[in-house]
1. Which residue is nearest to residue 65 (Cα to Cα), if the candidates are limited to region 137-152 and must be open to solvent by less than 60 Å² (accessible area, probe 1.4 Å) and either modelled with pLDDT of 95 or more or assigned to a loop (DSSP other than H, G, I, E, B) (or both)?
2. Picking from 76, 92, which residue would you name as being at pLDDT below 85 and basic (Lys, Arg)?
3. Given the options 155, 162, 124, 184, name the one that is among the hydrophobic types (A, V, I, L, M, F, W, C) and open to solvent by 40 Å² or more (accessible area, probe 1.4 Å).
4. Among the listed residues 98, 72, identify the single one that is small (Gly, Ala, Ser) and not in a strand (DSSP E or B).
5. Any residue in region 188-204 that is aromatic (Phe, Trp, Tyr), modelled with pLDDT under 90, open to solvent by 40 Å² or more (accessible area, probe 1.4 Å) and at negative phi?
Amino acid sequence: MNEFSLPKWPMRLGVWLIPALLLLGIWWALDGFRTWRDGPSPETIASASLTGIREQNRLSAFAANYAAVVTSEQQRFGLSAKKTLIMQGLVRYEVDLSKLSDQDVRWDATTGILRIKIPAIETAPPQIDLKSIQEYGENGILRTFTNVDDVLDQANRDKGIAELMRQANGPIPMRLARDAFKRAVANNFQFPLRAAGLDAKVQVYFADELGGNVTTRWDESTPLSEIVK
């Protein structure tokens, strides 16, 4: 071999490397064009929305005012004392969004439906409107010379708060709260999808609603954790 001749293997490598790099560049360009043309996938947007909604921690999408009228009675020394309390309070309904997991958000590519299972509603302690409190008492003698008044006040406060919470957890308020939370959570996912030009539907369920046909549709969808890596 001539001492001034170059090895042939780098030249052969170059013959194969240049076309390979050219093909790789073309593939990258086509993939970028498809991404630009098609936009982000529903799964990617849903995953980003899930991250954002979890960062909100507790969502309060519904609140209502309630009024309680309660009466307590004490008997001492053959006498009885009675006191009635009227109180109003605002009860807020909350959902802990930090509990949402990837398994709770599922995408059904066949129907184009994004299904979300949200945690149960929690009712916060009522915020009492102190200005609206009214009290009416009977047998001022017993209330004046004993601690019956304090006992009755405490009993009425406990009964009043319990009554406000009982009303707040009634079937009608809870149904209204459920509807409000479904709309709020659905909008958190629907708006980004629409902004990206994607015609995807969003359905929100509570865990105790996953029965019957809902279970079937839920099982047919795929968790985000198995789609977005």
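1. 139
2. Only one candidate passes the filter, namely 76.
3. 162
4. Matching residue, one of 98, 72: 98.
5. Yes: region 188-204 contains one or more residues that are aromatic (Phe, Trp, Tyr), modelled with pLDDT under 90, open to solvent by 40 Å² or more (accessible area, probe 1.4 Å) and at negative phi.
Table: residues versus (1) loosely packed, with under 15 Cβ neighbours inside 10 Å; (2) not hydrophobic (A, V, I, L, M, F, W, C).
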{"position": "57", "(1), (2)": "yes, yes"}
{"position": "70", "(1), (2)": "no, no"}
{"position": "74", "(1), (2)": "no, yes"}
{"position": "79", "(1), (2)": "yes, no"}
{"position": "82", "(1), (2)": "no, yes"}
{"position": "92", "(1), (2)": "no, yes"}
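The values are calculated or read from the model by the stated rules, or taken from the named source; none is laboratory data. Nothing here was measured: the structure is a model prediction, and the numbers come from that model. Note: ideal-geometry Cβ built from the backbone for every residue, glycine included; neighbour counts use all protein chains shown. Just so you know, the surface numbers come from the protein's heavy atoms only, side chains and all, with ligands and any DNA or RNA stripped out. Shrake-Rupley method; radii C 1.70, N 1.55, O 1.52, S 1.80 Å.
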